[in-house]
Each structure stands twice: as structure tokens, then as C-alpha cells.
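Undergrad: A single structure is presented below for examination.
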Number of protein chains: 2
Amino acid sequence: MGQPLEYIYIIRGGPVKTCIGTEEGQVQVIGFHAAGELLGLNVLGTSQHNRDVRALGTTSFCEVSLERFEELVSKDPAIQYEIFKIMSAEIRRNQELLLLLGKHNAEERLTAFLLGLSQQFSKRNCSATDFYLAMSRSDIGNYLGIAEETVCRVFSRLEDEGLISSECRHIKLNDLKRLGKVARRLP
Amino acid sequence: MGQPLEYIYIIRGGPVKTCIGTEEGQVQVIGFHAAGELLGLNVLGTSQHNRDVRALGTTSFCEVSLERFEELVSKDPAIQYEIFKIMSAEIRRNQELLLLLGKHNAEERLTAFLLGLSQQFSKRNCSATDFYLAMSRSDIGNYLGIAEETVCRVFSRLEDEGLISSECRHIKLNDLKRLGKVARRLP
DNA sequence: CGGCTTATTGATCCGACTCAACGTTAGTGG
DNA sequence: CCACTAACGTTGAGTCGGATCAATAAGCCG
């Protein structure tokens, strides 16, 4: 964060989190990302990066200079359109998060979060029901706008109800259908 | 919402709100927009619009077919870059909103909202301290993730403290500096 | 006028925050 | 090798901000 906008980055591998911050030192986790995702597109048209990116494990990046990026984009309409699609998807992702933060309680936020992860893992040909969380309880709470303690409590409650098995960062989703109902329950 | 992605739209004049919804009928107001803004960019790469746009007064639009849009963008790098910048700004706007919803209480959200409007009006050469709200209390509450009643109560409280004058939708900001402190107060 | 939407205010209740204690694991240095 | 420290995760008790429910204005329009 604060660095001049000279490069954008592509994640080669490893989980990361991105955060924005205020002058007062508050931090908001904006997203968790994995291999293949682009970082830095959100500051096109400004002079410096506005996000902090932190590794949640062993990671590697691909650094692309802004000139090279603009060259690629302007020469190849397919790439250009791909970038539009990526940015557009990022907008939609943030908007769904807004809906989650604005209209759902802690239990719904957390189950929706787990189901979202499940889908991501499934797309990467990993297990959709049995995975490790790269991020801490504190990061999850920050991301979802709830306290770390509440994250723990909801995990415990979901486990008591048999919906998940939670052993620290190793999570099993035992009943995707019922979890889906919890995530989307009307207020 | 739900219409096939055939056009994107540019607001000619008049205030509008955009919303997303869930199958359960919940609605989340995502933003308020005025003349000059583009609507529809957030669904590039998908098959249909995912937002509802509703007028909050007399409005007019410019409709641009997707083919025409793509033609313009691919022929003129300046336009292309401009679109990147617009989408990038939209991402940043949503992220700031996420920070607001995730880390700030009702009073901070509402004062930040008023100050944001103030800046917008100021950019349009309108008064930064004396303006009409195009949107209802209910819309504001929905947008900020708080109840309509809470919006009213905070308005009343701010008025009691002399920070604003509120007569229904006619708002005066009496002390921008103190309002700024309220908006950014540490938790 | 009456019906309708919007705004305001009060009373009550609950979900989630805060504060605090404690267990666990990993890393550090004597 | 073990004491010490630092993160991280979990759980409990108490509190409070804001939601909900309810009633009452206040503007708008047919």
C-alpha cells in the first residue's frame, strides 16, 4: 500500500489476503485470493496502490510493469476484453459481499463464507467439503465484519449442530444442503 | 435486473439508485448515481444484468448497444483506458463502502454518507453544505446497512448537537470539520 | 376528504461486542 | 533442554447498540 503504481501482480501460487486501511490505523480485509488472480487493477487511474497484500502461506508472484500491461491490453482485444471481465467480476464479488455485510447475521455470513470457499476449492479440483483455512479466525472476522470471538462461537455452534467439523483450520462441511439453507435464511 | 446484456446505459440526468437482490426477495442498495455515470459495466462477461436501477426523480438515459460500446472501446485506446479507470474507481468505491459497513457504527456511517454527498455536490458546483436528499430514509438505511428508524434517530441526534439541520430531505451541514471527526472516529 | 407513503419517536429485546480467562502450539534464547 | 514469550483459538459473563414492534405525525395526490 502506498507504493507508486508501477506494476500489477499476478498470483502464481499461495493464498494471500488484501486489506485497505484508514489513517486511524483501522484495517479492513477485502478479500482472499489464490493462484491466477490479478492484483492492482483496482487502482488504474490513480498514482499509487491503495491495498495491502499479505501472504497467508508460501506464495509467489508474477510482476508486470504497467507499460507492458498497457501494451498487451491495447494490442490484443481478447486480452482487453478479458481484463474487462475480470474487473467486472471483481465488482460483482464486492457487491455480493456488501449484501452479506448489510443484510445478514453472523451465522449467515460465516456459512456463506464457507460455502464460497467450498466452491473455489471445487473449481480448483480440490475437495469441496474438506479443506484447510489459510486465514486466521481474526482475518475471517475482519473480512465478514464480525468479532473474532463470534467467529469461534459460530464455528462451535455449527459443529454442535453437526453441520461442520472444525478442528482448528481443518474444516469439513458435513451437509452442504443444510448449510445452504442457513446461509440464505430470510431475516 | 435479469434483462439480457444488450445495452449499457449512461445517466443523462436525474438521481437513481442501483440495487441487487436475492432469490428470497431481499434487496441491497448498492449505490446512488447521478448524471454522467455509466451503468451496466459490472456485468461484462455475463449474460444478463444483475442490478435493478430505479429513478429517484425525473431522469433520462443514454442507451448504448453492447456492439457499439465494444466498437468504440476497441478503436480508441483513450476510451478504453477511460473505461478501465471508471471500473477501477467503482471497485474502490465499493471497497470503501465495505470498510464503512464492516468497521463503523450507525453515526459514523451516516455522517460519512452525508460528507460523501457533500463532496459530490461540491464537484457539480452545487452547495456542499445545503442540499436535498433524493433518496428516502429507507434507502439510506438499506445502503448503509442500518434500519430506517436508526437513520431517523441519528439525524435527530446530529441535529440536537447542532452539527446539521434536517428538515425532511433538506439537509444543511453546519460544521464540516466536526462532522469529519464524527465520521472517522476510532472504534 | 380519505388513502398512501414517508418520517419520527418511544419501548422493548436480542445479537454481537467487549473484557477476561485459559489452553495450545510454535518460536526464542539462556 | 526447558523457561519464556507470543500468536492463535476457545469459552464465559456482562453490556450495549441497534433491530424490531408499535404508535403517531406529516406530506402528497387522486
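The values are calculated or read from the model by the stated rules, or taken from the named source; none is laboratory data. Computed from a predicted structure; not experimentally measured. Here Cβ is always computed from backbone atoms with ideal geometry, including for glycine, and neighbour counts include all displayed protein chains.
Undergrad: Give the residue, chosen from B:GLY25, B:GLY31, B:GLY21, that is surrounded by 17 or more Cβ atoms within 10 Å (Cβ to Cβ) and within 14 Å of chain A (Cβ to nearest Cβ). Before you say what the answer is, go through the steps one by one.
TA: Details: B:GLY25 fails: surrounded by 17 or more Cβ atoms within 10 Å (Cβ to Cβ); B:GLY21 fails: surrounded by 17 or more Cβ atoms within 10 Å (Cβ to Cβ).
Sole residue among the options that is surrounded by 17 or more Cβ atoms within 10 Å (Cβ to Cβ) and within 14 Å of chain A (Cβ to nearest Cβ): B:GLY31.
Undergrad: Okay, next question. Looking only at residues in region A:24-43 that are part of a loop (DSSP other than H, G, I, E, B) and not small (Gly, Ala, Ser), which one is farthest from A:GLY14 (Cα to Cα)? I'd like the intermediate steps shown before the answer.
TA: Step one: list which residues in region A:24-43 are part of a loop (DSSP other than H, G, I, E, B), which gives A:24-26, A:34-37, A:40.
Remaining after also requiring not small (Gly, Ala, Ser): A:24, A:26, A:37.
Details: A:GLU24: 30, A:GLN26: 25, A:GLU37: 11 Å.
Here the answer is A:GLU24.
Undergrad: Condition first: within 23 Å of A:PRO15 (Cβ to Cβ), more than 9 Å from DNA strand D (Cβ to nearest atom) and touching a strand residue (DSSP E or B) at 6+ places or on another chain (Cβ under 8 Å). Now tell me which residues in region A:130-168 satisfy that.
TA: The answer is A:ASP130, A:PHE131, A:TYR132, A:ALA134, A:ASN142, A:TYR143, A:LEU158, A:ILE164, A:SER165.
Undergrad: Which count do you get for residues in region A:119-155 that are in contact (Cβ under 8 Å) with a residue 60 or more places away in the chain and part of a helix (DSSP H, G or I)?
TA: From region A:119-155, those in contact (Cβ under 8 Å) with a residue 60 or more places away in the chain are A:120, A:124, A:134-135, A:139, A:142-143; that's our starting set.
Adding the requirement that they be part of a helix (DSSP H, G or I) leaves A:120, A:139, A:142-143.
Count: 4.
Undergrad: While we're looking at this one, here's another question. Can you say whether A:ASN125 is surrounded by fewer than 19 Cβ atoms within 10 Å (Cβ to Cβ) and outside the structural domain of A:LEU56 (by TED's automatic domain parsing), as far as the supplied structure shows? Even if it seems obvious, please write down each step before you answer.
TA: On the way: surrounded by fewer than 19 Cβ atoms within 10 Å (Cβ to Cβ): yes; outside the structural domain of A:LEU56 (by TED's automatic domain parsing): yes.
So A:ASN125 passes the test.
Undergrad: Continuing with the same structure: Taking the options B:GLY57, B:GLY25, B:GLY21, B:GLY31, name whichever one is in contact (Cβ under 8 Å) with a residue 40 or more places away in the chain, farther than 30 Å from A:SER47 by Cβ and not assigned by TED's automatic domain parsing to the domain that holds B:ALA134.
TA: Values: B:GLY25 fails: in contact (Cβ under 8 Å) with a residue 40 or more places away in the chain; B:GLY21 fails: in contact (Cβ under 8 Å) with a residue 40 or more places away in the chain; B:GLY31 fails: farther than 30 Å from A:SER47 by Cβ.
Going through B:GLY57, B:GLY25, B:GLY21, B:GLY31 in turn, just one is in contact (Cβ under 8 Å) with a residue 40 or more places away in the chain, farther than 30 Å from A:SER47 by Cβ and not assigned by TED's automatic domain parsing to the domain that holds B:ALA134: B:GLY57.
Undergrad: State which residue is surrounded by the fewest Cβ atoms within 10 Å (Cβ to Cβ) when the search covers only region A:102-122 and only residues that are within 14 Å of the chain's Cα centre (by Cα) and over 26 Å from A:ILE10 (Cβ atoms). Walk me through how you get there before you give the answer.
TA: Taking region A:102-122 first, the residues within 14 Å of the chain's Cα centre (by Cα) are A:109-110, A:112-121.
Narrowing the set further to residues that are over 26 Å from A:ILE10 (Cβ atoms) leaves A:109-110, A:112, A:114-115.
Details: A:ARG109: 24, A:LEU110: 27, A:ALA112: 21, A:LEU114: 24, A:LEU115: 18.
Going through the qualifying residues, I end up with A:LEU115.
Undergrad: Looking at region A:90-106, I want the residues that are within 17 Å of A:GLY141 (Cβ to Cβ) and more than 7 Å from every other protein chain (Cβ to nearest Cβ) and have a partner that is of a type in the set (S, T, N, Q) and in a helix (DSSP H, G or I) with Cβ atoms under 6 Å, at least 6 apart or on another chain. Which pairs are those?
TA: The qualifying pairs are A:ALA106/A:THR150.
Undergrad: So, one more: Scan A:GLU107, A:GLU90 and give me the residue that is more than 16 Å from DNA strand C (Cβ to nearest atom) and either outside any loop (DSSP other than H, G, I, E, B) or among the aromatic types (Phe, Trp, Tyr) (or both).
TA: Numbers: A:GLU107 fails: more than 16 Å from DNA strand C (Cβ to nearest atom).
One residue alone meets the criteria, A:GLU90.
Undergrad: Kindly provide the set of residues from region A:44-78 that are more than 11 Å from chain B (Cβ to nearest Cβ), loosely packed, with under 14 Cβ neighbours inside 10 Å and part of a helix (DSSP H, G or I), ordered by number.
TA: Result: A:GLU67, A:ARG68, A:LEU72.
Undergrad: Another question, if that's okay. Any residue at all in region B:156-178 that's without any contact (Cβ under 8 Å) to a residue 60 or more places away in the chain, assigned to a helix (DSSP H, G or I) and within 18 Å of the chain's Cα centre (by Cα)?
TA: First pass over region B:156-178, keeping only residues without any contact (Cβ under 8 Å) to a residue 60 or more places away in the chain: B:156-175, B:177-178.
Add one more test, that the residue is assigned to a helix (DSSP H, G or I), and what stays is B:156-160, B:177-178.
Next, from what is left, pick out any that are within 18 Å of the chain's Cα centre (by Cα): none.
Scanning region B:156-178 turns up no residue that is without any contact (Cβ under 8 Å) to a residue 60 or more places away in the chain, assigned to a helix (DSSP H, G or I) and within 18 Å of the chain's Cα centre (by Cα).
Undergrad: Before we move on, is A:PHE84 more than 16 Å from DNA strand C (Cβ to nearest atom) and either more than 14 Å from every other protein chain (Cβ to nearest Cβ) or not in a helix (DSSP H, G or I) (or both)? Break it down stepwise before answering.
TA: Values: more than 16 Å from DNA strand C (Cβ to nearest atom): yes; either more than 14 Å from every other protein chain (Cβ to nearest Cβ) or not in a helix (DSSP H, G or I) (or both): no.
So A:PHE84 fails the test.
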